[in-house]
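K.L.:
Below: one structure in structure tokens.
The values are calculated or read from the model by the stated rules, or taken from the named source; none is laboratory data. Values in this document were obtained by computation on a predicted structure and should not be read as measured data. Heads up, the Cβs are rebuilt from the backbone with ideal geometry, glycines too, and the neighbour counts pull from every protein chain shown.
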Amino acid sequence: MPVAVEIDNLVVRYGEKTAVDGLTLTVTGGTVTSVLGPNGAGKTTTVETLEGFRRPDSGAVRVLGLDPIADHDELMPRIGVMLQEGGAWSGVRALEMLRYVASLHAHPLDLPALVERLDLGTCGKTPYRRLSGGQKQRLSLALAIVGRPEIAFLDEPTTGLDPHGRREIWQLIRDLREDGVTVVLTTHAMDEAEQLSDQVHVLSAGKVIASGSPDALTDHGAKTLEDVYLALTARDNK
Ligand SMILES: Nc1ncnc2c1ncn2[C@@H]1O[C@H](COP(=O)(O)OP(=O)(O)OP(=O)(O)O)[C@@H](O)[C@H]1O
């Protein structure tokens with residue numbers, strides 16, 4: 001399998017604050033990779049750098065073999081991005097937004113099927129700012145995948161969803177993988193990471209502190225991923 005993402009000794013600073021501090025990891029194409037870590041560990045900053053929204057202070061990142069900033073125009077149509085919040089104008093109606101983003105892509109997904117799949121039918125005419133938290137999440141996910149990306153970056157894709165919604169998104173992520181899409185997700189839900197991921201990376205203070213498949217990290221299921229995570233990131237370890 002080709003390498004979809006390469007991060008080599010990445011450092012990203014906000015003024016005096018070092019958010020990402022020499023982070024190295026690779027993501028194999030066609031897999032689901034979860035990036036875990038406590039609040040402020042540098043997950044979003046790392047993913048935003050892969051999306052070309054942040055410039056590395058040092059180190060390098062490549063996505064699908066391209067530089068996210070220098071090769072922005074070539075890379076953008078090939079990736080899908082689901083942000084933690086925002087991603088739509090506040091007055092725009094859900095379906096209008098989806099149609100607009102679909103129109104930017106050469107071969108978008110079938111919209112009625114996507115709307116049905118993500119249960120957006122009943123809120124299609126609702127302005128973005130009036131959508132419920134879960135509806136916003138589902139619209140953001142639809143916007144991320146409507147262009148048939150080769151790689152999808154999903155930032156906390158199920159936060160705020162009810163249990164049915166969570167399971168539907170999990171299935172959708174599995175289906176993306178089945179179709180050969182590389183998925184990189186950040187999450188605080190350990191069950192989600194355990195269920196979906198081929199590979200898990202745990203970040204702390206801007207560095208990778210553990211990597212492996214859920215099976216390897218949990219000693220073949222002897223522990224839960226949550227227990228492993230809690231031990232790795234225990235507050236008094238810092
Ligand atoms: N625009 C910014 N300006 C200044 N500091 C920032 C900015 N964005 C993030 N930071 C800081 O960088 C660090 C890493 O933040 P980041 O959002 O990448 O963490 P995270 O792992 O995604 O956290 P969370 O789980 O809470 O979403 C934090 O200390 C945060 O306060």
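K.L.:
From the list Thr182, Thr187, which residue is polar (S, T, N, Q), under 12 Å from the mean Cα position of the chain (by Cα) and within 15 Å of the ligand (Cβ to nearest atom)?
P.N.:
On the way: Thr182 fails: within 15 Å of the ligand (Cβ to nearest atom).
The unique qualifying residue is Thr187.
K.L.:
Condition (residue is more than 24 Å from Asn9 (Cα to Cα), under 21 Å from the mean Cα position of the chain (by Cα), touching a residue at least 40 places away in the same chain (Cβ under 8 Å) and not in a loop (DSSP other than H, G, I, E, B)) applied to the stretch 210-220: is it met by at least one residue?
P.N.:
no
K.L.:
What do you reckon, is Gly59 over 26 Å from Arg174 (Cβ atoms) and of a type outside the set (S, T, N, Q)?
P.N.:
Details: over 26 Å from Arg174 (Cβ atoms): yes; of a type outside the set (S, T, N, Q): yes.
Criteria met by Gly59.
K.L.:
Another question about this same structure. For the stretch 40-87, how many residues meet the condition of being within 16 Å of the ligand (Cβ to nearest atom), closer than 25 Å to Leu131 by Cβ, in contact (Cβ under 8 Å) with a residue 40 or more places away in the chain and not hydrophobic (A, V, I, L, M, F, W, C)?
P.N.:
So the answer is 6.
K.L.:
Which number in (1) part of a helix (DSSP H, G or I); (2) within 27 Å of Gly221 (Cα to Cα) marks the one condition that Thr158 misses?
P.N.:
All conditions pass for Thr158, except number (1).
K.L.:
Restricting the stretch 48-97 to residues that are among the acidic types (Asp, Glu) and surrounded by fewer than 19 Cβ atoms within 10 Å (Cβ to Cβ), which is farthest from Leu23 (Cα to Cα)? Lay out the reasoning, then the answer.
P.N.:
Initial filter on the stretch 48-97 (among the acidic types (Asp, Glu)): 48, 51, 57, 67, 71, 73-74, 85, 96.
When the remaining residues are screened for being surrounded by fewer than 19 Cβ atoms within 10 Å (Cβ to Cβ), the result is 57, 67, 71, 73-74, 85, 96.
Details: Asp57: 12, Asp67: 17, Asp71: 22, Asp73: 25, Glu74: 25, Glu85: 25, Glu96: 39 Å.
Among residues in the stretch 48-97 that are among the acidic types (Asp, Glu) and surrounded by fewer than 19 Cβ atoms within 10 Å (Cβ to Cβ), the one farthest from Leu23 (Cα to Cα) is Glu96.
K.L.:
Evaluate the following for Gly87: is it at pLDDT 95 or above, on the phi > 0 side of the Ramachandran plot and assigned to a loop (DSSP other than H, G, I, E, B)?
P.N.:
No.
K.L.:
Quick one: in the stretch 15-39, of everything that is in a strand (DSSP E or B), of a type in the set (Ser, Thr, Tyr) and touching a residue at least 24 places away in the same chain (Cβ under 8 Å), which residue is farthest from the ligand (Cβ to nearest atom)? Give the steps one after another, and end with the answer.
P.N.:
Of all residues in the stretch 15-39, those in a strand (DSSP E or B) come to 17-28, 32-36.
Then drop every residue that is not of a type in the set (Ser, Thr, Tyr), which leaves 18, 24, 26, 28, 33-34.
Restricting the remaining residues to those that are touching a residue at least 24 places away in the same chain (Cβ under 8 Å) gives 18, 24, 28, 33-34.
Working: Thr18: 8, Thr24: 17, Thr28: 22, Thr33: 15, Ser34: 13 Å.
Residue satisfying both the conditions and the ranking: Thr28.
K.L.:
Any chance the stretch 50-58 includes a residue that's hydrophobic (A, V, I, L, M, F, W, C) and modelled with pLDDT under 95?
P.N.:
Going residue by residue through the stretch 50-58, those that are hydrophobic (A, V, I, L, M, F, W, C) are 50, 53.
Next cut, modelled with pLDDT under 95 only: 53.
Checking the stretch 50-58: at least one residue is hydrophobic (A, V, I, L, M, F, W, C) and modelled with pLDDT under 95.
K.L.:
Looking at (1) more than 14 Å from the ligand (Cβ to nearest atom); (2) surrounded by 17 or more Cβ atoms within 10 Å (Cβ to Cβ); (3) in a loop (DSSP other than H, G, I, E, B), which is the one condition that is false for His107?
P.N.:
(2)
K.L.:
I've got another one for you. Can you name every residue in the stretch 195-204 that is at pLDDT 95 or above and more than 16 Å from the ligand (Cβ to nearest atom)?
P.N.:
Of everything in the stretch 195-204, those that are at pLDDT 95 or above and more than 16 Å from the ligand (Cβ to nearest atom) turn out to be Leu196, Ser197, Asp198, Gln199.
K.L.:
Take the conditions hydroxyl-bearing (Ser, Thr, Tyr) and at pLDDT 90 or above and apply them to Thr159. Does it pass? So that I can check it myself, show each step before the final result.
P.N.:
Numbers: hydroxyl-bearing (Ser, Thr, Tyr): yes; at pLDDT 90 or above: no.
For Thr159, the condition - hydroxyl-bearing (Ser, Thr, Tyr) and at pLDDT 90 or above - is not met.
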